[in-house]
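All remarks here apply to the structure that follows.
The values are calculated or read from the model by the stated rules, or taken from the named source; none is laboratory data. Computed from a predicted structure; not experimentally measured. A quick note on method: Cβ atoms are made from the backbone with ideal geometry, for glycine too, and the neighbour counts reach across all protein chains shown. We work out accessible area using only protein heavy atoms, side chains counted, and drop any ligands, DNA or RNA first. Shrake-Rupley method; radii C 1.70, N 1.55, O 1.52, S 1.80 Å.
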Amino acid sequence: MVVGNQTLCTKFTFVAFSSLAELQSLLFFVFLVIYLFTVGGNLIIIGLIWVTSCLHTPMYFFLVNLSFLEMCYISSVVPQMLVHLLVEIKTISIEGCAAQMYIFTILGLTECCLLAAMAYDRYVAICYPLHYTLLMGPSVCLKLAAASWTTGVVVESVQTTWIFTLPFCGTGKIQHFFCDIMPVVKLACVDTSHNEIVMFAVSVLFIMSPCLLILCSYVRILMAILRIPSAAGRHKAFSTCSSHILVVSLFYGTALFTYLQPKTAHTPETDKATALMYTVVTPALNPVIYTLRNKEVKEAFQRITQRNPLRQMA
């Protein structure tokens, strides 16, 4: 389409790995292994929690939600990236780009809220242990999970719809490997300063608010742990939070760096590097963190493998 003197784009082209043509086969293999490991690891966590009755607690209910979310999160980006590493023309329709952004942003904001719900669960468990079963009953857990998913769907659906009401002109080349917000907004052929201000405000409100809730929860948790008289008790209390703290640090470290920067601070190189962290590396590390650092999950895995008939026959 032609509007005035400008031609509107009907599709986008990714050019993120164009300078690495000789390495694309190697990158395909590396990302495929990471993707299969991530999906497999999260499926194992979900399966272990499902079949182990002692893990049917609020903490592991939220972990199942997080594992399912992480599988969807990485699947919204990596399979398309794998295909584009094997083909010469790396294009996507505007509709396909919008669909990817809808899924990716909804899952990203949902994870922010879900991590805050998990922090609240740890806060109640450590600060109010005698009232834990009452304060974190099944209905409360369901409401917190539903609120996390609803917030992600509503907020990011509105924001992404707004982005794709913009006209996109020029060559349509995206300096990225998927339809992230800022690389797509840069292709708009109108002044997007007002859009960027609103998007920045939304990011601050809906990314920082869960982050502040997490920080407040852990301040109270730390104060409660320091009041525990025995070193063994303090270590046991802290160990129940350590995995969550690592996941929060990885997720928010890259999210804050990416989405709370002004447009002028974004470069294709930094955008791609941080995007690889939060779309590929972080989801792959989460199953490792929650299995290697979680005693109950490791014990459940050992019991399942020891009951395996093939193992017993050997």
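Largest GNM mean-square fluctuation across Leu187, Leu205, Leu85, computed for the chain with C-alpha springs under 10 Å, falls on Leu205.
Could you work out how much longer the chain between Asp191 and Thr7 gets when fully extended? Use 0.36 nm per residue separation minus the Cα distance between them, nm to one decimal. Between Asp191 and Thr7, full extension yields 64.6 nm more. Estimated purely from DSSP H runs of n ≥ 4, each contributing -39500 (n - 2.57), the mean residue ellipticity at 222 nm for the chain is -23000 deg cm²/dmol once divided by its residues.
Of the two radii for segment 160-287, the radius of gyration is 1.12 times the Kirkwood radius, both from the alpha carbons; that is the Rg over Rh value.
Cross-link reach is defined here as a Cα-Cα straight distance under 21 Å, omitting same-chain residues fewer than 8 places apart; for Lys11 the lysines meeting it are Lys90, Lys173, Lys186, Lys272.
The peptide list 63-71, 92-100, put in order of mean Cβ contacts within 10 Å with the highest first, becomes 63-71, 92-100.
All alpha carbon pair distances within segment 52-201 were sorted into 10 Å bins beginning at 0; the resulting P(r) in whole percents reads 10, 32, 27, 18, 10, 3, 0. Using a simple spin-label model with pseudo-atoms 7 Å out from Cα toward Cβ, Val158 and Leu86 lie 4.1 nm apart.
So, how do all the Cα-to-Cα distances of segment 22-103 break down into 5 Å bins, in percent, from 0 on up? Taking all Cα pairs of segment 22-103, the binned fractions are 3, 13, 19, 17, 16, 13, 9, 6, 4, 1, 0 percent. Placing one equal scatterer on every Cα of the chain and applying the Debye formula, the log10 ratio I(q)/I(0) at q = 0.07 Å⁻¹ is -0.33. Rolling a 1.4 Å probe across the protein heavy atoms gives the chain an accessible surface of 50 Å² per residue. Backbone geometry of segment 191-204 corresponds, through the Karplus equation with coefficients 6.51, -1.76 and 1.60 at θ = phi - 60°, to 3J(HN,Hα) couplings of 5, 10, 4, 5, 4, 5, 5, 5, 5, 5, 5, 4, 5, 4 Hz, x marking Gly and Pro. The alpha carbon centroids of segment 53-67 and segment 194-235 are separated by 21 Å. Using the average count of surrounding beta-carbon atoms within 10 Å as a protection proxy, the listed peptides 137-143, 272-278 rank, highest first, as 272-278, 137-143. Its relative contact order, with pairs defined as Cα atoms under 8 Å and 6+ residues apart, puts the chain at 27 percent.
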